[in-house]
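The values are calculated or read from the model by the stated rules, or taken from the named source; none is laboratory data. Keep in mind it's a predicted model, so treat the numbers as computed, not measured. When we count neighbours, we look across all protein chains shown, and the Cβ atoms used for this are built from the backbone with ideal geometry, even at glycine.
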Amino acid sequence: MVEVLQKGNPILEKIAKEIPLDAITGPEIKNTISQMKEILRNTDDALALAAPQIGESIRMFIISKKIFGECNDDKEDLIFINPKIIKTSKNKNWAEEGCLSVRGVYGEVERFEKATIKAYDEEGKQFTFGGSGLLAQAFQHETDHLDGILFTEKTRNLREDK
Ligand SMILES: [Zn+2]
């Protein structure tokens, strides 16, 4: 399994590049997707992962089907390529977050309660996907990764829990 980069690695601080549309279905992206899915599958507390976290500075993240809770057998991991948040609720909430790239550290971050994303899937088809609560929180946390931002830059009540 490839390693998840940790805070301090400069790749995590870079603005990731858009993936050219004709490269979405190519072998390199397929390979990156399968590496990311493997990490999500094999890491108990991993709900989402952005490509820069495994050293690929490209605009893609994956939300694990685990985010849908226990009844997730009929669900698939959600792949977002060149995602853009196109709509948010007015309401924001503070909620606790953690990150695979900042192991053992948790803190509250203020996020929009709802968010809608426009992105491409792994077949290069454009789609929009809306979510609230934990899903909306993940959309915003992962989009931040693509812009080189870690949640620890926005957090309050940071705590360590190794
Ligand atoms: Zn993260």
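Overview of values
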{"item": "Which numbered condition residue 149 fails, given (1) part of a loop (DSSP other than H, G, I, E, B); (2) over 14 Å from the mean Cα position of the chain (by Cα); (3) free of Cβ contacts under 8 Å to residues at least 24 places away in the same chain", "result": "(2)"}
{"item": "Selected residue [acidic (Asp, Glu) and over 16 Å from the mean Cα position of the chain (by Cα)] from 77, 161", "result": "161"}
{"item": "Residue that is farthest from residue 128 (Cα to Cα), among those in segment 96-114 that are among the aliphatic types (A, V, I, L, M) and assigned to a strand (DSSP E or B)", "result": "105"}
{"item": "Residue within segment 113-127 that is within 16 Å of the ligand (Cβ to nearest atom) and either farther than 26 Å from residue 20 by Cα or of a type in the set (Asp, Glu) (or both) present", "result": "no"}
{"item": "Single residue of 111, 159 found to be over 23 Å from residue 60 (Cα atoms) and in contact (Cβ under 8 Å) with a residue 12 or more places away in the chain", "result": "159"}
{"item": "Residues satisfying the stated conditions in segment 26-84, i.e. within 14 Å of the ligand (Cβ to nearest atom), assigned to a helix (DSSP H, G or I) and closer than 19 Å to residue 116 by Cβ", "result": "67"}
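Conditions tested, residue by residue: (1) touching a Lys or Arg at 6+ places or on another chain (Cβ under 8 Å); (2) modelled with pLDDT of 95 or more; (3) within 20 Å of residue 128 (Cα to Cα); (4) among the aliphatic types (A, V, I, L, M).
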| site | (1), (2), (3), (4) |
| --- | --- |
| 27 | no, yes, no, no |
| 35 | no, yes, no, no |
| 48 | no, yes, yes, yes |
| 72 | yes, no, no, no |
| 93 | yes, yes, no, no |
